[in-house]
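Heads up: the structure comes next, in structure tokens.
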Amino acid sequence: MIVKKIVADTVAEAMERVKQELGEEAIILNTRHIKVGGIFGVFAKRKVELVGSVDEHVEDKRTVKVEQPNRVNLHVNQIEQRSIVERPTIITTGERPLPRELRQYAKLLVEPALNQLAEHLHEKLVSTYYQTQQAELNTVLLEEVQAKIRTKTTHSKFIMLTGPTGVGKTTTIAKLAAHFTLTEKKRVGLITTDTYRISAIEQLNTYADILGIPIHVAYDLNDFEQAKEALQSCDIVLIDTAGRNFLDVGYVEQLKSRHTFEETDVFLVLSLTAKYQDLLRMYDRFQSVPVSGIIFSKADETSELWSIVGLAEESDVPIYCITTGQEVPEDILFSSVEEISQMIVERGMG
């Protein structure tokens, strides 16, 4: 907390100096007229004294904008319309008034008995107040986020991942396979219909070999049905699908022609690095597919996670899991609403 006392000839001059030295976010804790100089009070000059403070973490905003003189004039008029002689006037250099609770504390700072403690006291009071307010705001924000999102668990035998190209479906399939095999001790099988990318088949083959689980490649709907039949002894069958440009209007119809969705949880994989409007369009594109939930990928590659909240509210589709990196199987989160909300708020307000 930075504290400054300004003495000037006029209110306008004092306000301008506060703005220049402390920035637009400065808080004026006290404004009064004082007498300076003279002999035994005679010939003393009348001055204006302002005590201002600003949180030292607030970004420096000393660059004066074109409209700032109008704001200053507004606050000068507010001061001059009041009786400010020997009375505290509490305003801010911005457009918002100081909260009532802080006004009560600020009045203590002009009490004669507290004169010696004033600077030390008001710094602590202001700092403590805003820390408390920030905590309360974060709590309210957290509650609002929690109210918007839902999570989902799955008990389906068949789990299909679909979504546009480049979102990390194949890597996510590998993480899920490792999770169910190593953590939940399930018998897992893999089916891939992504026959357009040789690398995708090779990648899944590698993970299947490491985990010791069966894998089938399906080139058409008949292959797909045969693969499902061959893996009937498995507890869980994970199905990887080919990705396409989500702007391709024929992609979803092609997806539907090569798969059946009975007794299957279909999870739409979306990358959090995408623009929010594109995420909405991707979701809209897949609405003709019976999407059970959303998997958000690449949470580690973005500084904010607000898209999760927006899409959850727009779609009313629950979150299945969130991936946070390339490591298999570590970088995948099956979190509660509370944990996901906490992560969103901390990332967004950090």
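The values are calculated or read from the model by the stated rules, or taken from the named source; none is laboratory data. Worth saying up front: this structure is predicted, and the values here are computed from it rather than measured. Every residue, glycine among them, receives a Cβ derived from its backbone with ideal geometry; neighbour counts consider all protein chains shown.
Does residue 262 satisfy the condition of being out of contact with any strand residue (DSSP E or B) (no Cβ under 7 Å at 6 or more places or on another chain), at pLDDT below 90 and under 21 Å from residue 146 (Cα atoms)?
no
Out of 233, 288, 297, 292, I need the residue that is small (Gly, Ala, Ser) and more than 26 Å from residue 189 (Cβ to Cβ). Which one?
288
Determine whether residue 288 is closer than 13 Å to residue 149 by Cα, without any contact (Cβ under 8 Å) to a residue 40 or more places away in the chain and either touching a Pro at 6+ places or on another chain (Cβ under 9 Å) or surrounded by fewer than 20 Cβ atoms within 10 Å (Cβ to Cβ) (or both).
no
Can you work out which of the residues in the stretch 313-350 that are in contact with a Lys or Arg (Cβ under 9 Å, 6 or more places away or on another chain) and of a type in the set (A, V, I, L, M, F, W, C) is modelled with the lowest pLDDT?
328
Out of the residues in the stretch 261-281 meeting the condition of being surrounded by 21 or more Cβ atoms within 10 Å (Cβ to Cβ) and more than 22 Å from residue 228 (Cα to Cα), tell me which one is nearest to the chain's Cα centre (by Cα).
Among them, the one singled out is 272.
Confirm whether residue 168 is on the phi > 0 side of the Ramachandran plot, in contact (Cβ under 8 Å) with a residue 12 or more places away in the chain and either exposed (fewer than 15 other Cβ atoms within 10 Å of the Cβ) or out of contact with any helix residue (DSSP H, G or I) (no Cβ under 7 Å at 6 or more places or on another chain) (or both).
Yes, satisfied.
May I ask you to say which residue of 203, 146 is surrounded by fewer than 21 Cβ atoms within 10 Å (Cβ to Cβ), closer than 18 Å to residue 335 by Cβ, in contact with a helix residue (DSSP H, G or I) (Cβ under 7 Å, 6 or more places away or on another chain) and polar (S, T, N, Q)? Full working, then the answer.
Working: 203 fails: closer than 18 Å to residue 335 by Cβ.
Criteria check complete, one pass: 146.
How many residues, within the stretch 160-213, are in a helix (DSSP H, G or I) and either not hydroxyl-bearing (Ser, Thr, Tyr) or not assigned by TED's automatic domain parsing to the domain that holds residue 273 (or both)?
21
Might you let me know whether the stretch 271-281 holds any residue that is without any contact (Cβ under 8 Å) to a residue 12 or more places away in the chain and basic (Lys, Arg)?
Looking for residues that are without any contact (Cβ under 8 Å) to a residue 12 or more places away in the chain and basic (Lys, Arg), one finds at least one in the stretch 271-281, hence yes.
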